[in-house]
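Worksheet: one structure, shown below.
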Amino acid sequence: MTRQRILTGDTPTGNLHIGHWVGSVKRRVELQSQHDCFFLIANLHAYTTRAGDPEAVHQDCIEVARDALAMGVDPSKAAIFVQSEVPALAELTYLFAMLLPFNRVMRNPTLKDELQVKGLADTYSFGFPLYTVGQTADILAFRAHSVPVGEDQVPHLELTREVARRFNKMYCGVADKAEDEDHEQLGGVFPVPVADVGTVGRLVGTDGQNKMSKSLGNAIHVIDTPKQVKKKIGKIYTGQDSRQPTDPGIIDPEKNPLFQYLDVFVEDEATKADIRDRYQRGDNIGDGEVKMLVADAINTLLDPMRARRTAYEDDAVVLKVLREGTARAIEATEETLAMAKQAAGTGFFPRTISI
Ligand code: ATP
Ligand code: MG
């Protein structure tokens, strides 16, 4: 029986954070024993915003891998690999770019959001929108069935599904009306993959506005010390001072990160209900009490990760994990690429790539 493939990944734009944990990494850890898991470090995609910072991107590949290992990704089960060292990904990106109307790529709401939030307005590179096409290649190169991701990635997954359908219909004779689940069985090279959104699809950042993101300075990282976690939580603006006793807006998790963190990280349901209740009634409960509870809960989550991380302090140890993972990724993607080239008429000669 063949095991289903899982592909997902992160951009090396900084250390992983608790948003990654709830949005995707927790799911990866759950799935790694039962599935063939490939976890990508998208260093080429990091050049969409950091092309002038090659050394930092290089080092962040190691950091992201180290954080994933700290969070519980097991290298004996899952392959963690570097995008730029797997040539099939770039080759499929080129091919898939031909299958997508330009306007379709630009309509992607996550792309628009990122351009705005990252302040890229009219200055973004040609490669910026191309990264969304690249992501379709990253996923399809593994013929992955499922992709554990946060909510912001769902539009990218939709694009991926479109590419798979189009390719299979155009080059593999899959009928126009075929159901997504039947594509492979009908001779399509690519399964039509599904998004597997984590327990929390969008954890808000400590700024209380944007998605918690590595590159926005609003994240609680796995490398943060217990003290730093307390400090970051302490600084969250909750509007407490101007709060009306029964203002319901203040406990809207979208407006007050503290309450989303309370929901997500504090396990005891009775404590949560009590805090919400007292806070809403305007009882004698300060932000300080809630903040302390939340910071403690986050530190409890991070403690075993901090401990695990110490085993991977040496860069050489992480690089060995990446090398082994990359070799496995090359093997898997070369197989797919050969199938795709054969179907699309671009294949002439077999080849072998090794590292
Ligand atoms: P960047 O700021 O560079 O875009 P990021 O913090 O958004 O970094 P990514 O590498 O883009 O992180 O995302 C990696 C994975 O983690 C994706 O599946 C994404 O959906 C998920 N993810 C990232 N941030 C969050 C969040 N705040 N809540 C839930 N999931 C998240
Ligand atoms: Mg992102």
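The values are calculated or read from the model by the stated rules, or taken from the named source; none is laboratory data. Note that the coordinates shown come from a computational prediction; the quantities given were computed from them, not determined experimentally. Cβ sites come from the backbone with ideal geometry, for glycine too, and all protein chains shown count toward neighbours.
Taken over segment 110-163, residues that are crowded, with 17+ Cβ neighbours inside 10 Å, more than 15 Å from ligand 1 (Cβ to nearest atom) and of a type in the set (A, V, I, L, M) amount to 6.
A count restricted to segment 1-39 and to residues that are within 24 Å of residue 301 (Cα to Cα), more than 9 Å from ligand 1 (Cβ to nearest atom) and of a type in the set (A, V, I, L, M) stands at 2.
Determine, yes or no, whether residue 329 is without any contact (Cβ under 8 Å) to a residue 60 or more places away in the chain and under 30 Å from residue 167 (Cα atoms). No, not satisfied. Under the condition of being surrounded by fewer than 19 Cβ atoms within 10 Å (Cβ to Cβ) and in contact with a helix residue (DSSP H, G or I) (Cβ under 9 Å, 6 or more places away or on another chain), the residues counted in segment 313-322 number 4.
With respect to the conditions (1) in the same structural domain as residue 113 (by TED's automatic domain parsing); (2) more than 25 Å from the chain's Cα centre (by Cα); (3) at pLDDT below 90, residue 248 falls short on a single one, namely (1).
All conditions but one from (1) away from ligand 2 (no atom under 16 Å from the Cβ); (2) touching a strand residue (DSSP E or B) at 6+ places or on another chain (Cβ under 8 Å) apply to residue 121; the one that does not is (2).
Need pairs with beta-carbon distance below 7 Å; first residue touching a residue at least 60 places away in the same chain (Cβ under 8 Å) and within 18 Å of residue 98 (Cβ to Cβ) and within segment 340-355, second not aliphatic (A, V, I, L, M) and not in a loop (DSSP other than H, G, I, E, B); sequence gap 6+ or separate chains. Close Cβ pairs satisfying both conditions: 343/171; 343/172; 344/171. Within segment 192-218, if we keep just the residues that are under 30 Å from residue 176 (Cα atoms) and not hydrophobic (A, V, I, L, M, F, W, C), the residue that is nearest to ligand 2 (Cβ to nearest atom) turns out to be 196.
Where helices (runs of 4 or more DSSP H) sit wholly within segment 1-112, those with at least 3 residues that are more than 16 Å from ligand 2 (Cβ to nearest atom) and not hydrophobic (A, V, I, L, M, F, W, C) occupy 26-31, 54-71, 87-97. Of the listed requirements (1) out of contact with any strand residue (DSSP E or B) (no Cβ under 6 Å at 6 or more places or on another chain); (2) not assigned by TED's automatic domain parsing to the domain that holds residue 21, residue 179 misses just one: (2). The one condition from (1) surrounded by 24 or more Cβ atoms within 10 Å (Cβ to Cβ); (2) touching a strand residue (DSSP E or B) at 6+ places or on another chain (Cβ under 6 Å); (3) within 19 Å of residue 137 (Cβ to Cβ) that residue 64 does not meet is (3). If the condition is being out of contact with any Ser or Thr (no Cβ under 6 Å at 6 or more places or on another chain), closer than 18 Å to residue 298 by Cα and not polar (S, T, N, Q), then segment 185-200 contributes only 200.
Among the candidates 298, 353, the residue that is buried (at least 19 other Cβ atoms within 10 Å of the Cβ) and modelled with pLDDT of 95 or more is uniquely 298.
Taking segment 149-183 as the region of interest, how many residues are part of a loop (DSSP other than H, G, I, E, B), touching a His at 6+ places or on another chain (Cβ under 9 Å) and more than 16 Å from ligand 2 (Cβ to nearest atom)?
Here is the first cut: in segment 149-183, the residues part of a loop (DSSP other than H, G, I, E, B) are 150, 173-179, 183.
Next, from what is left, pick out any that are touching a His at 6+ places or on another chain (Cβ under 9 Å): 150, 174.
Next, from what is left, pick out any that are more than 16 Å from ligand 2 (Cβ to nearest atom): 174.
Of the residues in segment 149-183, 1 are part of a loop (DSSP other than H, G, I, E, B), touching a His at 6+ places or on another chain (Cβ under 9 Å) and more than 16 Å from ligand 2 (Cβ to nearest atom).
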